[in-house]
Amino acid sequence: MPPPGTAHGLGPHVVGQRVVVRRVVRGETGPSGGPAMTDLLGTLVSWGSSTCVVAPETGAPVTIDLADVVTGKPVPPRGSVRQRVSVREAEIRALPLWTSPTTEALGDWVLRVVEGERGRRSTRANSCLAVGAPGVPVPAAASAVQEFYASRRREAVVQVEVGSSTEAAFVALGWTALGAAESPYLVGSLVMALRVAGSADGVEVSVKGTRFLVTLTLDGVEVGRGRGELNGDWLGVHGLEVAESHRRRGLGRRLMAGLLEAGAEAGAGTLWLEVERENTAAWMLYAGLGLREHHVSRYLRAPAG
C-alpha cells in the first residue's frame, strides 16, 4: 500500500520508476469549465514534502507541486533496445574494465585474468565468464577452467547468470557461491541519465584513452572518486565511492554527473554498472538516473582438492 499522504499510487516509494501523473494546470480552464488538467509520463526522479520531479522521455525534468497532483500511478517501463540485448552481449561490453585483463576463449565463454598485481582483487577480471556455449560438455569445460587458473596459481572462479542451466550444472559439480552477494547488472540510457543527473560542480575529470577518472575535492581533501570505461558506445561505471563522513550530501550524484558528461562527449549512449542489492543508497541513486536491472550474476568457486 502507498504511504499515507501520497497521491494514489505515487510517493517516495516509487522514486526511480516510470509513472503517469495527472495534474492541474494553473490559470487555465478545461472543456467542462473547471480547472484544466494534463498528464505527464516519465520517470519519478524525486518526491519531497511539497514537490516532486518527473523526467519525461524527452525534454527537461518537470517540477510539480504536490498540491496540483490529481492522481497518478506507476506504469510498466517501456521496452528498451538496451534491455533486449542478450546477457552475453551485455557482459562482453564489460570485458575491458579498468584492470584490462588478459582473455582467452573457451567457446562462447571467456577466461579472464589480470597478470600483474594491479587488479588482482577484481573478481570479474579474474574469473571465467560462463555465459553461452563452451563448445564442450560443462564438466569438461569446468575442468579446462580449473586448469587455466591453476597454471596461473589462481583460484578457479566462474561468473554465471543466476537461474541459468549453466549455474545448475556447476552447482551439481560441487562449485559453491563466492560470497553471499548477487551482482545485478544495471543498464540504461546515458542521455536520459545525464538529463536528470544535475550539476557536476567541482568534479575533476581525467581522460586517458577510453578511461575516465572523476574526483571531488573539498577543502583540499579528496572526498569521492569514480571510474568509467568506454567500450563502443557503452560506458561502464565502477569504483564510485564517497568518503563516509561526506555521504548523503548528493556528492555521489555529482560524481556520476561528471562521468556522464565525459561519456557523452566521447559518444557513449548506453550506461551500465553493477551494484550490490544491500547498497540502498546506490540503488536510489541509479534508479533516479533511470537504470534498470538487466540480469543478475553470481560467482562460483571450484570445489577444494
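The values are calculated or read from the model by the stated rules, or taken from the named source; none is laboratory data. On a predicted model such as this, the values are computed, not experimentally measured, just so you know. Cβ coordinates were reconstructed from backbone atoms using ideal geometry, including for glycine residues, and neighbour counts include every protein chain displayed.
Quick rundown of the values:
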item: Condition met for residue 196 (touching a Phe, Trp or Tyr at 6+ places or on another chain (Cβ under 9 Å), of a type outside the set (Lys, Arg) and either without any contact (Cβ under 8 Å) to a residue 24 or more places away in the chain or part of a helix (DSSP H, G or I) (or both)); result: no
item: Segment 118-159, residues that are among the hydroxyl-bearing types (Ser, Thr, Tyr) and assigned to a loop (DSSP other than H, G, I, E, B); result: 122, 123, 127, 151
item: In segment 162-187, the residues that are touching a strand residue (DSSP E or B) at 6+ places or on another chain (Cβ under 9 Å) and at positive phi; result: 163, 179
item: Complete set of residues in segment 7-50 that are under 24 Å from the mean Cα position of the chain (by Cα), part of a strand (DSSP E or B) and surrounded by 15 or more Cβ atoms within 10 Å (Cβ to Cβ); result: 18, 19, 20, 42, 43, 44, 45, 46, 47
item: Residue ID - farthest from residue 105 (Cα to Cα), chosen from residues in segment 160-181 that are touching a Lys or Arg at 6+ places or on another chain (Cβ under 7 Å) and either part of a helix (DSSP H, G or I) or at pLDDT 95 or above (or both); result: 176
item: Candidate set: segment 204-220, residues that are farther than 26 Å from residue 93 by Cα and modelled with pLDDT of 95 or more; chosen: the one farthest from the chain's Cα centre (by Cα); result: 217
